[in-house]
């Protein structure tokens, strides 16, 4: 089984048991969350996989963390202008438990 889910403005190809980091979710650690599958299929299908409109993906939030530091540096030559900023994205690590087809 595999599916495509959307969270945080990005799409992810997921399979059961997979651990991935997504943008921070409003769920506590250890809590189960459900995503609507944009597309899902089974690996054993002999025909071309079709979209299942009522498929759901169940995942567990493992932990909340911060991503790597990204440095943003701006400079304009001959103007004595330099600006440095940093950013760390807040992430949630989730584990895909199950993909439920209708």
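The values are calculated or read from the model by the stated rules, or taken from the named source; none is laboratory data. In this text, all values refer to a predicted model and were calculated from it rather than measured experimentally. Neighbour counts run over all protein chains shown; Cβ positions are idealised from the backbone, glycine included.
Within segment 1-37, track down each residue that is touching a strand residue (DSSP E or B) at 6+ places or on another chain (Cβ under 6 Å) and either on the phi > 0 side of the Ramachandran plot or at pLDDT below 90 (or both).
Those that are touching a strand residue (DSSP E or B) at 6+ places or on another chain (Cβ under 6 Å) and either on the phi > 0 side of the Ramachandran plot or at pLDDT below 90 (or both): 1, 8.
With respect to residue 48, is the statement that it is surrounded by 13 or more Cβ atoms within 10 Å (Cβ to Cβ) and modelled with pLDDT under 95 true?
Working: surrounded by 13 or more Cβ atoms within 10 Å (Cβ to Cβ): no; modelled with pLDDT under 95: yes.
No: the conditions fail for residue 48.
Which of the residues that make up segment 7-21 are loosely packed, with under 13 Cβ neighbours inside 10 Å, touching a residue at least 24 places away in the same chain (Cβ under 8 Å) and in a strand (DSSP E or B)? Please lay out each step first, then the result.
Initial filter on segment 7-21 (loosely packed, with under 13 Cβ neighbours inside 10 Å): 9-11, 13, 15, 17, 19.
Within this subset, residues satisfying the condition of being touching a residue at least 24 places away in the same chain (Cβ under 8 Å) are 11, 15, 17, 19.
If the condition is that a residue be loosely packed, with under 13 Cβ neighbours inside 10 Å, touching a residue at least 24 places away in the same chain (Cβ under 8 Å) and in a strand (DSSP E or B), then 11, 19 are the ones that fit.
Considering every residue within segment 65-86, establish whether at least one is surrounded by 10 or more Cβ atoms within 10 Å (Cβ to Cβ), within 27 Å of residue 1 (Cα to Cα) and touching a strand residue (DSSP E or B) at 6+ places or on another chain (Cβ under 9 Å).
Looking for residues that are surrounded by 10 or more Cβ atoms within 10 Å (Cβ to Cβ), within 27 Å of residue 1 (Cα to Cα) and touching a strand residue (DSSP E or B) at 6+ places or on another chain (Cβ under 9 Å), one finds none in segment 65-86, hence no.
Are there any pairs with C-beta distances below 6 angstrom linking a residue in segment 25-40 that is in contact (Cβ under 8 Å) with a residue 40 or more places away in the chain to a residue that is assigned to a loop (DSSP other than H, G, I, E, B) and surrounded by 16 or more Cβ atoms within 10 Å (Cβ to Cβ), with the two at least 6 apart or on different chains, and if so which?
What qualifies is 37/55; 40/52; 40/55.
Do you know which of the residues in segment 58-102 that are in a strand (DSSP E or B) and modelled with pLDDT under 95 is farthest from the chain's Cα centre (by Cα)?
100
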